[in-house]
1. Given contacts defined as C-alpha pairs under 8 Å and at least six residues apart, what's the relative contact order of the chain, whole-number percent?
2. With the chain treated as a Gaussian network of Cα nodes joined by springs under 10 Å, which of I16, I43, I29 yields the largest mean-square fluctuation?
3. Using only Cα atoms, tell me the angle between helix 12-30 and the longest principal axis of the chain; keep it within 0 to 90° and round to the nearest 10.
4. Restricting to DSSP H runs of at least four residues, report the calculated mean residue ellipticity at 222 nm for the chain, -39500 (n - 2.57) per run over all residues, nearest 500 deg cm²/dmol.
5. Of Y25, Y110, Y14, which has the largest mean-square fluctuation in a 10 Å C-alpha GNM of the chain?
6. Percent of alpha carbon pairs in segment 49-121 separated by more than 14 Å?
7. Exactly which trypsin sites (Lys or Arg not before Pro) in segment 36-104 are in a DSSP loop and have at most 14 other Cβ atoms within 10 Å?
8. Given a Förster distance of 35 Å, report the FRET efficiency between K60 and N31 from their Cβ-Cβ distance, rounded to the nearest 0.05.
Amino acid sequence: MQKKMEEAHIAPDYIITAHEERRHYRQEILNPRYLDFSDRNLIEGEVLAELEQLRIKLDKGEISEGFPFYGICLERMGIIRTSLSTESQLPLFFVSGCMHDITDRCGHRYIRCHYENVTKS
């Protein structure tokens, strides 16, 4: 996650915050206080789907890469937070932390994919 954020020229203070949000997210998964398991699956699925849609727009050149794209991703996490019907009010750190966790697991990035560098299977 840190490397991807640095490659996107995201400032160190945002990277520190991302690490903290991810840590809180992981703690909530291990010791849930806000969500039950079914809510967690719903949230993670929605975050994954939203990030995929955003990456498509990024790779098509519809969204600027780097910090502007990171900002759009965070804004969308806020929208997910308020739009999902969950048992209790969803904490913003959970959806943002989920995004950062997905990024850490190589499921998201903040710069455009250059397809000429991708090998075909």
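Throughout, read-outs are computed from the coordinates displayed, never taken from laboratory work. These numbers were taken from a predicted model, which means no experiment stands behind them. Glycine also receives a Cβ, built like all others from the backbone with ideal geometry; neighbour counts cover every protein chain displayed.
1. 44 percent
2. It is I16.
3. It works out to around 40 degrees.
4. Helices in the chain give a 222 nm mean residue ellipticity of -21500 deg cm²/dmol.
5. Answer for the Gaussian network model of the chain: Y14.
6. 63 percent
7. Sites meeting the loop and neighbour criteria: K60.
8. Once the sixth-power term is evaluated, E becomes 0.30.
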